[in-house]
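The values are calculated or read from the model by the stated rules, or taken from the named source; none is laboratory data. As the structure is a computational prediction, the values presented were derived from the model and not from experiment. Every residue, glycine among them, receives a Cβ derived from its backbone with ideal geometry; neighbour counts consider all protein chains shown.
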Amino acid sequence: MPDNPELASEYSAFRDGLVDADFLVRSDIDGLYGRTDKFEDIIEGIDRLVVELGSDQNAKVLRFPPVMPTTVFEKTDYLASFPDLTGSIHTFTGNDKAHAQLLQVHSDGGDWTDLLDPSGEMLIPAACHPTYPLLTGTLPEGGRKLDVYGYCFRHEPSIDPTRMQAFRMHEYVYVGTPEGALAHREQWAPRGLKLLTDLGMTPEKVVANDPFFGRAGRMLAVNQRDGELKYELVVQTYPGQMTAVVSVNYHEDHFGKPFNIKSADGAVAHSSCVGFGMERIALALLATHGLDTAIWPESVRELIYP
Ligand code: ZN
């Protein structure tokens, strides 16, 4: 989704404020930031609340690096849906002669990255994606629940700091029967709403409208909307702009089928996940309560800085 040009000055004012108040550190690229201790304290506070919400899930904790095998990426429909958001990792695989050529192109100011080759690795676009290959086979009765937390990458340079290219998502994933997948989603939407409300925000649950790519993507978008496969919990971040900070997704068999996952009854597994956008929740808090955390409402401070 492109930035709203009418809000350009709001975006840059918020971004400048976050940098000046020592929450984010800027880079030369829109959407790529360093985080300070002040910012990480907020992230940790939010994460503590997320983990408390998930404490009854009996979920297997899995942490992945921000990189996964391209073979896993190829089994998802991400390339069909969002080719423009992907991050592919390339590296140098040549010999001495090719290295000399690479250095020459570099010192001439040319595009040396043309001389790199794909490494067979992709940046992870959604935290749950690397979990599915681990579930190939038949699941136990009741399915599996997983707790995954890690960095995701989406190539969408933006001056709006709530739209980072690299950000963390904490997810609770269910894989099992269609009924179980829907129940997981229905359980988590109100939990997410409660968390945001407890943090002094006014969230709304809306049907998601993802920016699927191209002409084929318009069909996928209609399918997602009409099937109500994905909800987002949105909060106001700028005058007239709601930003999605949590998503609750029902994938049907989009992962069960390609990864050959079966529920205990032998049917193709269905899955669902809830994803907490950690940076976005932190930024929504800062947008809602201001950049001086010392004067945030006491009830919010108690939750974030217990
Ligand atoms: Zn997910």
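Counting only residues that are more than 25 Å from Leu32 (Cα to Cα) and touching a Gly at 6+ places or on another chain (Cβ under 9 Å), which one in segment 82-112 is surrounded by the most Cβ atoms within 10 Å (Cβ to Cβ)?
As a first pass, look at segment 82-112 and keep what is more than 25 Å from Leu32 (Cα to Cα): 93-105, 107-108.
Within this subset, residues satisfying the condition of being touching a Gly at 6+ places or on another chain (Cβ under 9 Å) are 101-102, 104.
Values: Gln101: 14, Leu102: 18, Gln104: 11.
Within segment 82-112, the match that is surrounded by the most Cβ atoms within 10 Å (Cβ to Cβ) is Leu102.
Based on this model, can you work out whether Gly94 counts as closer than 17 Å to Gly277 by Cα, of a type outside the set (A, V, I, L, M, F, W, C) and outside any helix (DSSP H, G or I)?
On the way: closer than 17 Å to Gly277 by Cα: no; of a type outside the set (A, V, I, L, M, F, W, C): yes; outside any helix (DSSP H, G or I): yes.
Taking the combined requirement at face value, the residue does not satisfy it.
Restricting attention to segment 297-306, which residues are assigned to a loop (DSSP other than H, G, I, E, B) and within 26 Å of Ala166 (Cβ to Cβ)?
The first filter runs over segment 297-306 and keeps only residues assigned to a loop (DSSP other than H, G, I, E, B), leaving 297, 305-306.
Matches in segment 297-306: Tyr305 only.
Could you say whether any residue in segment 9-17 is of a type in the set (Asp, Glu), surrounded by 13 or more Cβ atoms within 10 Å (Cβ to Cβ) and either under 20 Å from the mean Cα position of the chain (by Cα) or modelled with pLDDT under 95 (or both)?
no
Every residue, every condition in (1) farther than 25 Å from Thr202 by Cβ; (2) in contact (Cβ under 8 Å) with a residue 24 or more places away in the chain, yes or no:
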| position | (1), (2) |
| --- | --- |
| Tyr231 | no, yes |
| Gly240 | no, yes |
| Ala244 | no, yes |
| Lys257 | yes, no |
| Ile261 | yes, yes |
| Gly266 | yes, yes |
| Ser271 | yes, yes |
| Phe276 | no, yes |
| Ile281 | no, yes |
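Keeping to segment 65-81, report how many residues are surrounded by 13 or more Cβ atoms within 10 Å (Cβ to Cβ) and either farther than 23 Å from Arg163 by Cβ or touching an Asp or Glu at 6+ places or on another chain (Cβ under 8 Å) (or both).
So the answer is 7.
Regarding Thr136, is this residue of a type in the set (Val, Ile, Thr), under 30 Å from Ser263 (Cβ atoms) and within 16 Å of the ligand (Cβ to nearest atom)? Write out each step before concluding.
Working: of a type in the set (Val, Ile, Thr): yes; under 30 Å from Ser263 (Cβ atoms): yes; within 16 Å of the ligand (Cβ to nearest atom): no.
Taking the combined requirement at face value, the residue does not satisfy it.
A quick yes/no check of all residues on (1) among the charged types (D, E, K, R); (2) modelled with pLDDT of 95 or more; (3) over 16 Å from the mean Cα position of the chain (by Cα):
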{"residue": "Phe153", "(1), (2), (3)": "no, yes, no"}
{"residue": "Met164", "(1), (2), (3)": "no, yes, no"}
{"residue": "Arg168", "(1), (2), (3)": "yes, yes, no"}
{"residue": "Ala183", "(1), (2), (3)": "no, yes, yes"}
{"residue": "Trp188", "(1), (2), (3)": "no, yes, yes"}
{"residue": "Thr197", "(1), (2), (3)": "no, yes, yes"}
{"residue": "Pro203", "(1), (2), (3)": "no, yes, yes"}
{"residue": "Asp210", "(1), (2), (3)": "yes, no, no"}
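Counting only residues that are surrounded by fewer than 21 Cβ atoms within 10 Å (Cβ to Cβ) and polar (S, T, N, Q), which one in segment 144-176 is nearest to Lys60 (Cα to Cα)?
Gln165
Got at least one residue in segment 35-46 being crowded, with 17+ Cβ neighbours inside 10 Å, in contact (Cβ under 8 Å) with a residue 24 or more places away in the chain and closer than 23 Å to Ala208 by Cβ?
Scanning segment 35-46 turns up at least one residue that is crowded, with 17+ Cβ neighbours inside 10 Å, in contact (Cβ under 8 Å) with a residue 24 or more places away in the chain and closer than 23 Å to Ala208 by Cβ.
Any idea which of Asp111, Asp77, Asp96 is within 30 Å of Gln224 (Cα to Cα) and of a type outside the set (Lys, Arg)? I'd like the intermediate steps shown before the answer.
Values: Asp111 fails: within 30 Å of Gln224 (Cα to Cα); Asp96 fails: within 30 Å of Gln224 (Cα to Cα).
Among Asp111, Asp77, Asp96, only Asp77 is within 30 Å of Gln224 (Cα to Cα) and of a type outside the set (Lys, Arg).
Among Leu286, Leu220, Leu196, which is farther than 19 Å from Tyr149 by Cβ and surrounded by 22 or more Cβ atoms within 10 Å (Cβ to Cβ)?
Working: Leu220 fails: surrounded by 22 or more Cβ atoms within 10 Å (Cβ to Cβ); Leu196 fails: farther than 19 Å from Tyr149 by Cβ.
After ruling out the rest, the residue left standing is Leu286.
Taking segment 162-207, which residues are farther than 22 Å from Ile42 by Cα, touching a helix residue (DSSP H, G or I) at 6+ places or on another chain (Cβ under 9 Å), among the hydrophobic types (A, V, I, L, M, F, W, C) and away from the ligand (no atom under 15 Å from the Cβ)?
Val207
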